[in-house]
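Colleague: What follows is a structure written as structure tokens; I'll ask about it next.
The values are calculated or read from the model by the stated rules, or taken from the named source; none is laboratory data. From a predicted model like this one, the values you see are computed outputs, not experimental measurements. Reconstructed Cβ throughout: ideal geometry from the backbone, glycine too, with neighbour counts over all protein chains shown. Note: accessible area is taken over every heavy atom of the protein model, side chains too, but ligands, DNA and RNA are not part of it. Shrake-Rupley method; radii C 1.70, N 1.55, O 1.52, S 1.80 Å.
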Amino acid sequence: MDVGSRGKKREREPEPSFVTLEGGRAHRRLQMRRLRRRRRTRRAGELPLLVVVALCIALVLKTFLVQAFFIPSGSMEQTIRIGDRVLVDKLTPWFGSEIERGDVVVFKDPGGWLQGEAARPEPDPVVVKQVKQVLTFIGLLPSADEQDLIKRVIGIGGDTVACCDAQGRVTVNGTPLDEPYVNPGDAPSEIRFEVRVPEDRIFVMGDHRSNSADSRYHLDEAGQGTIAVRDVVGRAVVIAWPYGHWSSLDTPATFRNVPDRARRGRRRGRGGPAFA
């Protein structure tokens, strides 16, 4: 103890202890390690929830908005080639829009249309097959096993589609079509026909006219080869894969010149691709 100037005793302050400081640092390090462990545990617990949410979002997109489709045949060449993946807009019809001439649509097989047209890929090994099935189910991978077809809409309900005029062109309501999308070397049609499309049905043809078992090959069936609108899955809007073949699937200009006899005065419900 020290004696102050006024004679009072003053206690000396204890000097910092090296052991005490080291103990404080060790305690803080321990606390930090515990905090990091809790954060890692929390993140690990959140991961399954995030996976479930992501899967739900993918399923909703596939079911209601957009779906990828694998192209197994050459019936739409050169516009869409074998092995391409296309994205199909499934939302547009919900807003009152209607299928229009020139649209490329995916539709359910009405019965027997797929025979001899689809060139299916080689089967995958067991493990790869199971993984692909899961990814396809949630919409992250297009299915190669869907019983669907893809064609171009030439005529809609009320239209008269015929072939051919004096220049060998397909006509819709008497107006000849200029079809630059037809596969090079193909005639617009080697089959002569004239069909009045019933309401709520469509007349479809492939762009590879010599390699497409489309409406022309089913003229003797009910509906004269036309497809019910309710069987349409959606409208193909873009070729998404492979990257080098990416392109949007816009409506060709030639269809703008076709007079709309059956639906004159009705507004077009779609203003463009769903992804715009």
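Colleague: Tell me which residues come under 5 Å, amide H to amide H, from Val66 once H is placed; ignore anything under 5 positions away on its chain.
Modeller: Lys90
Colleague: Please work out the average accessible area per residue across the stretch 163-212, using the 1.4 Å probe convention, and give it in Å².
Modeller: Values: 2430 Å² over 50 residues.
Ligands and nucleic acids excluded, the result is 49 Å² per residue.
Colleague: OK, next. Considering only protein heavy atoms and a 1.4 Å probe, what is the carbon-and-sulfur percentage of the accessible area of the stretch 207-256? List each step's numbers first, then the result.
Modeller: Values: 1290 of 2480 Å².
Roughly 52 percent of what the probe reaches on the stretch 207-256 is carbon or sulfur.
Colleague: Which value in nm describes the separation of the simple spin-label points at Lys108 and Glu190, placed 7 Å from the Cα toward the beta carbon?
Modeller: Those two pseudo-labels are separated by 3.3 nm.
Colleague: Still on this structure, please answer the following. Compare Glu179, Glu98 by solvent-accessible area with a 1.4 Å probe and give them largest first, with all protein chains kept in place.
Modeller: Glu98, Glu179
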